[in-house]
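Structure first, commentary second.
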Amino acid sequence: MSRFPDPRDAHRQGQSAPSRERGHRRELAGRHSERRSFQDRLQASLVDVAIHRAVASRDLVDRQFGGHLFAGRRGIDNLKKSGLVEEHELRDTKTARITKVLTATPAGRRLAGDVAPLRGWASDQRTWSGLGKNADLKHDLALYRAVAETRERLAERGLHLRRVRLDAEMRGEMMKRTEAVRAAHGRNAADALREGIAERLQLPLDDKGAVLWPDAQIEVAREPDGPVEGRVNIEITTEHYSRASIAAKSAAGFALFPANPKAARHLSATLSGLGSSTGGRDAASGSGRFRGEGGLLDL
């Protein structure tokens with residue numbers, strides 16, 4: 001652990017710097033900032049990995065080390081030797097391409113939980129450790145890219161990312177609370193609580209009263225430490241998404257990101273067929289949009 005300084009020391013040292021150069025706001029300045037220290041990049045990297053659950057190594061290098069491979073590898077190796085992250089290999093069975101994937105260790109998750117609020121994240125921001133389900137891993141990696149793109153658009157508008165909620169967190173909270181109420185007070189009380197939680201999280205319901213879950217939800221604020229003023233629901237679509245599912249989530253204002261070029265063509269054709277006007281709107285506003293002809297899962 002000695003190779004990774006106490007984040008509170010770095011935070012205290014940064015108090016004398018102009019606010020636009022500190023912590024979370026500096027992170028939002030993007031990958032081209034050259035004024036960040038190596039330790040600052042390490043902290044930001046650990047927090048990113050723990051918050052998003054799984055991050056492709058090269059995506060982290062691109063975002064937190066300005067795309068510099070040597071500095072990025074040095075930073076990743078530093079975090080690995082400190083026992084804060086683990087690096088795994090994801091092999092594409094069709095192309096045999098290997099993608100290196102980073103996850104936080106339990107120690108890394110705990111430290112990231114301490115560091116995150118000092119960097120402008122909400123005090124109740126959840127952090128994760130270990131790999132999720134292998135079948136969902138590429139999907140998890142795509143979320144980091146989608147959140148990063150949305151985050152940059154928010155920064156251009158002077159908005160700040162305060163919190164990321166993954167679908168597992170939202171579903172888990174909903175299930176835990178509603179099942180307890182169902183057992184104690186019955187179905188009607190549980191349904192009422194479910195609708196109340198959905199309203200609080202600004203999650204829409206379909207015509208049957210079921211919650212429309214995004215893959216991730218981000219909360220934004222006008223000031224780095226200010227109150228939450230809006231949310232963006234992010235969805236990674238594939239070529240297998242039904243017309244009804246795309247229509248419902250587009251109408252609900254989800255920011256739609258296709259998983260690959262084939263998914264992008266399917267999404268574009270579906271939205272055009274629906275006569276939707278949401279396809280070109282800005283993800284930072286929470287309105288439905290799609291990324292274009294590229295693909296987030298093309299690793």
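Annotations
- Peptides 239-247, 226-234, 258-266, ordered by how many other C-beta atoms sit within 10 Å of their residues on average, highest first, read 258-266, 226-234, 239-247.
- Taking θ as phi - 60° and the Karplus parameters 6.51, -1.76 and 1.60, the scalar couplings of the range 180-187 work out to 5, 5, 4, 5, 8, 10, x, 5 Hz in sequence order, x denoting glycine and proline.
- In whole angstrom, the range 166-285 maps to an equivalent ellipsoid with semi-axes of 28, 19, 12, each derived as √(5λ) from the alpha carbon gyration tensor and ordered largest first.
- Cα extents of the range 45-144 along the three principal axes, largest first (Å): 42, 30, 21
- For the range 88-164, the Cα-based Rg and Dmax, in that order, read 14.9, 42 Å.
- Cα centroid separation, the range 186-246 to the range 139-159 (Å): 18
- Extending 7 Å from Cα along the Cβ direction at Ala244 and again at Ala180 yields two label points whose distance is 3.4 nm.
- Fewest-first ranking of Glu235, Glu195, using other Cβ atoms within 10 Å as the exposure measure: Glu195, Glu235
- Taking the square roots of 5 times each eigenvalue of the Cα gyration tensor of the range 214-270, largest first, gives ellipsoid semi-axes of 27, 11, 8 Å.
- A simple spin-label model places the labels of Lys94 and Ser272 2.2 nm from each other, with each point 7 Å out along Cα-to-Cβ.
- Across the range 138-150, rounded Karplus estimates of 3J(HN,Hα) from the backbone phi angles (6.51 cos²θ - 1.76 cosθ + 1.60, θ = phi - 60°) give 4, 5, 4, 5, 5, 4, 4, 5, 5, 5, 4, 5, 5 Hz, Gly and Pro being marked x.
- Descending semi-axes in whole angstrom, ellipsoid equivalent of the range 121-164, from the Cα gyration tensor: 24, 15, 5
FYI, it's all coordinate maths here, none of it is from the lab. Remember, predicted model here, so these are calculated numbers, not experimental data. Neighbour counts run over all protein chains shown; Cβ positions are idealised from the backbone, glycine included.
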